[in-house]
Amino acid sequence: EPDVFEALASVQKRYNIDPKRIVLRGFSMGGAGTWHIGLHHPDRWVAIEAGAGFVETKIYAKQHDLPEYQERALHVYDALDYAENAVNLPVVGYGGDEDPQLKASQSIKNALANVPGLRALFLVGPKTGHKWHPDSLKESNTFIDTAGREGQKVPERIRFITYTTRYNKCFWLTVDALERHYERAEIEGTRSELKTRNVAALSLINAGTPVIDGQKLSAGTSFEKVKGKWRVA
């Protein structure tokens, strides 16, 4: 992850890069990295494209009977556990129909089956192993190019999943504290009205007087939950 952001920063120093039109794309190991980095940082990209790769550890790496602390830490690493962050940006998932790693994009697709407002394209290359099928690549390029021409759009409504404040930002939302680390935290809604789970403090940009978990709050930027009640921090 640091390599990706350092390389990006280096290019941005030398070229006039539009930050609203940066695409994250990868295949195989790069596909896994795209799922991980793209869904952890959904506000950094105009779109992401992940080919093959993997999105969970235990089945892919044949890991069994892990100690409890490793099980909890896998939630931070396994993109399948925060797949719903894909609702915040255009997404392409791909795999060849003869490639065992097709399971990655299919798993993400299944996890998003009931998520409204999704802008996603899931492609399967016919009679294809661990490589791009040219027709699928053409279709993905068209989807990505369209997103790039339109530019990144700040969503009015977001859904953000995290298990750690290491990954805590989605456009106008910052998760400042969790009630329990390494457990699933959810935030969904608009700047004016949000529902949360396992969140102890958050910050909002241009929120006015928001309603958080049904509680109407005074104007502010940062908010915290104390004894089950939200207040301006």
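The values are calculated or read from the model by the stated rules, or taken from the named source; none is laboratory data. As the structure is a computational prediction, the values presented were derived from the model and not from experiment. Quick reminder, even Gly has a Cβ in these numbers, built from the backbone with ideal geometry, and neighbours come from all protein chains shown. Side chains included, ligands, DNA and RNA excluded: accessible areas come from the protein's heavy atoms. Shrake-Rupley method; radii C 1.70, N 1.55, O 1.52, S 1.80 Å.
What to note about this one:
- Evaluating 6.51 cos²θ - 1.76 cosθ + 1.60 at θ = phi - 60° for every residue in segment 15-31, the Karplus couplings come out as 10, 7, 8, 7, x, 8, 9, 9, 9, 9, 9, x, 9, 6, 4, x, x Hz, glycine and proline recorded as x.
- For segment 196-209, 3J(HN,Hα) computed residue by residue from phi via the Karplus equation (6.51, -1.76, 1.60; θ = phi - 60°) reads 10, 9, 6, 10, 9, 7, 8, 10, 10, 9, 6, 8, x, 10 Hz, glycine and proline entered as x.
- For the chain, a Kirkwood hydrodynamic radius built from all Cα pairs, placed in the Stokes-Einstein relation at 37 °C and 0.692 mPa s, yields a translational diffusion coefficient of 175 µm²/s.
- With the simple model of a label 7 Å out from the Cα in the direction of the Cβ, K195 to D18 spans 3.6 nm.
- Overall shape of segment 95-233 was characterised from the C-alpha gyration tensor. The equivalent ellipsoid obtained from it has semi-axes of 38, 18, 11 Å, in decreasing order.
- Loop-resident sites, segment 1-71, for trypsin sites (Lys or Arg not before Pro), counting at most 10 other Cβ within 10 Å (DSSP): K62
- Considering only the chain, percent of DSSP beta bridges that pair antiparallel, nearest 5: 60 percent
- Heavy-atom accessible surface of the chain: percent carbon and sulfur, 1.4 Å: 51 percent
- Extension gain, V11-E188: 0.36 nm per intervening residue step, less the Cα-Cα distance, totals 60.3 nm.
- Spin-label model, K109/R166: points 7 Å from Cα along the beta carbon direction are separated by 3.1 nm.
- Separation of the S222 and R72 label points, Cα + 7 Å toward Cβ, nm: 2.5 nm
- All other residues whose Cβ lies under 14 angstrom from that of R231 are scored, Lys and Arg at +1 and Asp and Glu at -1, for a net of +1.
- The base-10 log of I(q)/I(0) for segment 75-152, evaluated at q = 0.13, 0.19 Å⁻¹, reads -0.42, -0.87 [Debye formula, identical scatterers on Cα atoms, solvent excluded].
- Distance from segment 5-32 to segment 115-188 (C-alpha centre basis), Å: 16 Å
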